[in-house]
Amino acid sequence: MMATGSGDQERLYPGGPTSVERLRGTLTGFGARHVLALGDMVADEYILGRPVRLSREAPLPVLEWVDRYVIPGGAANVARNARALGASVAVAGVIGDDEPGRELRRRLIADGIDVAGLVEEADRPTSTKTRVIGGSSQVVSQQMARIDRVIRADVVPRTRDGIAEYLERALPGLDGLIISDYENGVISEAIVATAIPLARRHGLIIAVDAHGDLGRFRGITVATPNQEEAASTLGRDLRGDDDVARAGRDLLTLMDARGVVITRGSDGMTVVEADGACQHLPAASPAEVRDVTGAGDTVAATVLLALTSGASLLDAAYLGNLAAGLVIRRLGAATVTADELKSAIDRASGL
Ligand SMILES: Nc1ncnc2c1ncn2[C@@H]1O[C@H](COP(=O)(O)OP(=O)(O)OP(=O)(O)O)[C@@H](O)[C@H]1O
Ligand SMILES: [Mg+2]
């Protein structure tokens, strides 16, 4: 343990009960945590090409092949974020019997993530989001096209049963579960009905980061929707802080949750606790933004790990916001380490 100095009483934002020492202590717990990311795995595929001339077929540049790679996205990005922060991480979901699926699996294994819960479903392509990027050392890189191959149908019963059996085996030994639902067919009513009661029975912290109706998830610890997702579940527009705070309280009741963290892009986030207390946390400055892809996944992973390490909801959200402020400075769906987060705490508190 670090000596507690005057920083112990430091407040990192007006009215915030957060102490620097306590935040640092939370981070030191991350390495001992075991968590599972359950949900829709996405292969983020990048095809890089060097523009060589204008095509004669259409008003488009012809790109000469340079490289292609796959980065784990969706629930797999939540898993990568938790792993980068130091936790032991497993994933449960579906991939296809195809090249993006195999590459996704390889990438997760290379990151040290347990893939025993990844079920391969023949005839179901792996959800893939392909970006074609034109650029070279002489030309600024630019995304030229994006092609999504996303399957929204529910997984077949055999896959669903395979995932459910894996959950029965794996969940009892874990500290936390994150359900990451991109509405690509893994998070069915049956899987929710297996996962949440089981996780509750074994005392896991349960976080939900989901598109679609948030009312499907009841009895969870925390939800981390973005503002649009919160608005669409409640069926009303949210304008300004007061609307968002009210939405957070309504979601808390609807989901029977202990906390709700609504992420709001450049407006930061709004945190609502079980007693209805509400805080707005500001985002990193716009000058630091390079690519916001996956920032919500970073928030979800960080909040889950902080809560499993015994942090208060406000401390967990503060760390999530800080981590998001770091990943948006990097290209693609990036991750941060606990050390980087620790340095960011020191900077934020002026140490
Ligand atoms: N333009 C921005 N400027 C500053 N901070 C941002 C910006 N966009 C996102 N962030 C940070 O990232 C957090 C999460 O972002 P956002 O609300 O966009 O989540 P999201 O829509 O769930 O993202 P995704 O699902 O694509 O990962 C915000 O709470 C904020 O801290
Ligand atoms: Mg999101």
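The set of residues from the stretch 187-234 being among the charged types (D, E, K, R), crowded, with 17+ Cβ neighbours inside 10 Å and within 16 Å of ligand 1 (Cβ to nearest atom) comprises ASP209, GLU229.
State yes or no: is ASP315 more than 20 Å from ALA76 (Cα to Cα), crowded, with 20+ Cβ neighbours inside 10 Å and not aliphatic (A, V, I, L, M)? Against the criterion (more than 20 Å from ALA76 (Cα to Cα), crowded, with 20+ Cβ neighbours inside 10 Å and not aliphatic (A, V, I, L, M)), ASP315 qualifies. Within the stretch 267-311, the set of residues being among the β-branched types (Val, Ile, Thr) and either more than 15 Å from ligand 2 (Cβ to nearest atom) or buried (at least 23 other Cβ atoms within 10 Å of the Cβ) (or both) comprises THR270, VAL271, VAL272, VAL289, THR298, VAL299, THR302, VAL303, THR308. Check every one of the helices (runs of 4 or more DSSP H) wholly within the stretch 186-264 and list those with 2 or more residues that are among the acidic types (Asp, Glu). Fully inside the stretch 186-264 and qualifying: 227-234, 240-255.
Within the group ALA245, ALA277, ALA287, ALA223, which residue is in contact with a helix residue (DSSP H, G or I) (Cβ under 7 Å, 6 or more places away or on another chain) and among the aliphatic types (A, V, I, L, M)?
ALA223
I need the full set of residues from the stretch 35-69 which are surrounded by 17 or more Cβ atoms within 10 Å (Cβ to Cβ) and either under 30 Å from SER188 (Cβ atoms) or hydroxyl-bearing (Ser, Thr, Tyr) (or both), in order please. Selection gives VAL35, LEU36, ALA37, LEU38, GLY39, ASP40, MET41, VAL42, ALA43, ASP44, GLU45. Scanning the stretch 312-329 for residues that are over 18 Å from GLY276 (Cα atoms) and either within 16 Å of ligand 2 (Cβ to nearest atom) or of a type outside the set (D, E, K, R) (or both) yields LEU319, GLY320, ASN321, LEU322, ALA323, ALA324, GLY325, LEU326, VAL327, ILE328.
Would you point out which residue out of ASP213, ASP209 is over 21 Å from VAL89 (Cα atoms), of a type outside the set (Lys, Arg) and within 16 Å of ligand 2 (Cβ to nearest atom)?
Numbers: ASP209 fails: over 21 Å from VAL89 (Cα atoms).
Unique residue meeting the criteria: ASP213.
Close Cβ contacts (under 6 Å, 6 or more residues apart or on different chains) running from residues in the stretch 157-177 that are of a type in the set (Ser, Thr, Tyr) to residues that are modelled with pLDDT under 95 are absent. Taking the listed residues ARG152, ARG169, ARG146, the one that is within 16 Å of ligand 1 (Cβ to nearest atom), more than 13 Å from GLY93 (Cα to Cα) and loosely packed, with under 13 Cβ neighbours inside 10 Å is ARG146, with no other qualifying.
The values are calculated or read from the model by the stated rules, or taken from the named source; none is laboratory data. What you see is a predicted model; the values in this text were computed from it and never measured. Ideal geometry is used to build each Cβ from the backbone, glycine not excepted, and the neighbour counts take in all protein chains shown.
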